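Student: First the structure, then my questions, so here it is.
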């Protein structure tokens, strides 16, 4: 099956193969920023009224007939971006229906001509608002709003695996998969299995691992899930996960910063806390509020923690210890306390220097 | 005098324990937390003692001369009569940890 087909998908058995494939895919990717009113949808049926034959239409678009008929089997639409026609890939529908505010389940059920008319009307309304059109393997795979942050899938896998190797000594690739909507890879860390299972009080036969799922087209997000892998190869989720949407100022750097929060018990806590003792904080109240916000632990709790925070010479260690004390100081149900403890444990991995400003 | 493993397994040290830390790092950190609390609660100024010891933990290498200086500084504070029994006892706990770490290091049993 050609890579441009809507249902193209591939399982890979080696990590290098996944990286190479996604690298090639990235080379065959164009991301065009364009004003909404410079995009015009037309059904293939309508285009054929003008060009008469499939051959003539495919020649006009500059694409082979097979991809044209593949599109005619799915979205049945072409989108002209600043006058240049592109086939509309099936995966693009997620972003078109979701990201440019055309809601309603009925939209997908409309005939291609009606759909094209409706979308064109909406695009005209959006006027000169920028839209990022993502074209992969000769078809449009996504149309993102201006808030979209580009985080290519090949870079996600490459850099997450590098970071994982740094932390867990070595990685063993289990399996990988990609299609036009998302890509995933499963990695295991056999060298640290004993230490990690000991830290979590689990049987030694379980091996820690992660599943990395990312989409640089339709779904536009990165999710990294810590897992325990049974001897039979079954992945079972382990505690927290890292999830970041591709939007606003989110970046791959932010994803990598979150990675130490997976298998958080596998760390040198003494070293990290000692390092925090050397970080002086200029704006303790602000840092405390920002830290609570970033941890999802309720900014409103800052007032109570500030009461016991030293007034002079505050360090990141002081703030971290105040944060650690929070679950025990609140009158909440046991389940809520455990949830809060899990969130607060991540405080040790916060970049307090970055949070230390009065903005 | 308690040994390093005994101190490391004490309930009050458990909250600072983690799989990748060496015993001496965990025990020293607990001592630094005690010093930090004494300062935070307004008893004595200890930051000049904590900072260099914290750096040892971060560097992952125990520096005997830094520990010796810290021990001397703590003794000096203890000799000042006006801090009371509570502070004296807390500082004694810290000293005990510092000596245990020094001894374990000398014997090669980190």
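The values are calculated or read from the model by the stated rules, or taken from the named source; none is laboratory data. Nothing here was measured: the structure is a model prediction, and the numbers come from that model. As a convention, Cβ positions derive from the backbone with ideal geometry for all residues, glycine included, and neighbour counts pool all protein chains shown.
Student: Can residue A:183 be described as within 14 Å of chain B (Cβ to nearest Cβ), surrounded by 18 or more Cβ atoms within 10 Å (Cβ to Cβ) and touching a residue at least 40 places away in the same chain (Cβ under 8 Å)? Can you show your working first?
Tutor: Working: within 14 Å of chain B (Cβ to nearest Cβ): no; surrounded by 18 or more Cβ atoms within 10 Å (Cβ to Cβ): yes; touching a residue at least 40 places away in the same chain (Cβ under 8 Å): yes.
Judged against the criteria, residue A:183 is not a match.
Student: Here's another thing I want to ask about it. Would you pick out the residues in segment A:269-309 that are surrounded by 16 or more Cβ atoms within 10 Å (Cβ to Cβ), outside any helix (DSSP H, G or I) and either away from every other protein chain (no Cβ under 14 Å) or touching a strand residue (DSSP E or B) at 6+ places or on another chain (Cβ under 7 Å) (or both)?
Tutor: Matches in segment A:269-309: A:279, A:281, A:297.
Student: Which condition breaks for residue A:242 when tested against (1) on the phi > 0 side of the Ramachandran plot; (2) without any contact (Cβ under 8 Å) to a residue 24 or more places away in the chain?
Tutor: (1)
Student: Answer with yes or no whether residue A:319 is modelled with pLDDT of 95 or more, within 14 Å of another protein chain (Cβ to nearest Cβ) and crowded, with 17+ Cβ neighbours inside 10 Å.
Tutor: Yes; evaluated as a whole, the condition is true for this residue.
Student: Which count do you get for residues in segment A:245-268 that are buried (at least 20 other Cβ atoms within 10 Å of the Cβ) and touching a strand residue (DSSP E or B) at 6+ places or on another chain (Cβ under 7 Å)?
Tutor: Within segment A:245-268, residues that are buried (at least 20 other Cβ atoms within 10 Å of the Cβ) and touching a strand residue (DSSP E or B) at 6+ places or on another chain (Cβ under 7 Å) number 5.
Student: Restricting attention to segment B:52-65, report how many residues are in a helix (DSSP H, G or I) and surrounded by fewer than 16 Cβ atoms within 10 Å (Cβ to Cβ). Write out each step before concluding.
Tutor: Let us first name the residues in segment B:52-65 that are in a helix (DSSP H, G or I), namely B:52-59, B:64-65.
Now drop any that are not surrounded by fewer than 16 Cβ atoms within 10 Å (Cβ to Cβ), which leaves B:52, B:59, B:64-65.
Selection size over segment B:52-65: 4.
Student: Please indicate, with yes or no, whether at least one residue in segment A:230-238 is within 14 Å of chain B (Cβ to nearest Cβ), free of Cβ contacts under 8 Å to residues at least 24 places away in the same chain and more than 29 Å from residue A:24 (Cβ to Cβ). Full working, then the answer.
Tutor: To start, the set of residues in segment A:230-238 that are within 14 Å of chain B (Cβ to nearest Cβ) comprises none.
For segment A:230-238, residues within 14 Å of chain B (Cβ to nearest Cβ), free of Cβ contacts under 8 Å to residues at least 24 places away in the same chain and more than 29 Å from residue A:24 (Cβ to Cβ): absent.
Student: Based on this model, can you work out whether residue A:348 counts as within 12 Å of chain B (Cβ to nearest Cβ), in contact with a strand residue (DSSP E or B) (Cβ under 8 Å, 6 or more places away or on another chain), within 19 Å of residue B:26 (Cα to Cα) and surrounded by 15 or more Cβ atoms within 10 Å (Cβ to Cβ)? Show your work before the answer.
Tutor: Values: within 12 Å of chain B (Cβ to nearest Cβ): yes; in contact with a strand residue (DSSP E or B) (Cβ under 8 Å, 6 or more places away or on another chain): no; within 19 Å of residue B:26 (Cα to Cα): yes; surrounded by 15 or more Cβ atoms within 10 Å (Cβ to Cβ): yes.
Considered against the rule, which asks whether it is within 12 Å of chain B (Cβ to nearest Cβ), in contact with a strand residue (DSSP E or B) (Cβ under 8 Å, 6 or more places away or on another chain), within 19 Å of residue B:26 (Cα to Cα) and surrounded by 15 or more Cβ atoms within 10 Å (Cβ to Cβ), residue A:348 comes out as no.
Student: Keeping to segment B:1-38, report how many residues are assigned to a loop (DSSP other than H, G, I, E, B), out of contact with any helix residue (DSSP H, G or I) (no Cβ under 6 Å at 6 or more places or on another chain) and either within 13 Å of another protein chain (Cβ to nearest Cβ) or under 14 Å from residue A:277 (Cα atoms) (or both).
Tutor: Summing the residues that are assigned to a loop (DSSP other than H, G, I, E, B), out of contact with any helix residue (DSSP H, G or I) (no Cβ under 6 Å at 6 or more places or on another chain) and either within 13 Å of another protein chain (Cβ to nearest Cβ) or under 14 Å from residue A:277 (Cα atoms) (or both) in segment B:1-38 gives 3.
Yes/no matrix, rows are residues, columns are (1) touching a helix residue (DSSP H, G or I) at 6+ places or on another chain (Cβ under 6 Å); (2) at pLDDT below 90; (3) surrounded by fewer than 18 Cβ atoms within 10 Å (Cβ to Cβ); (4) assigned to a strand (DSSP E or B):
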site: A:122; (1), (2), (3), (4): no, yes, yes, no
site: A:134; (1), (2), (3), (4): no, no, no, yes
site: A:161; (1), (2), (3), (4): no, no, no, no
site: A:165; (1), (2), (3), (4): no, no, yes, no
site: A:174; (1), (2), (3), (4): no, no, no, yes
site: A:178; (1), (2), (3), (4): no, no, no, yes
site: A:193; (1), (2), (3), (4): no, no, no, no
site: A:196; (1), (2), (3), (4): no, no, no, no
site: A:201; (1), (2), (3), (4): no, yes, yes, no
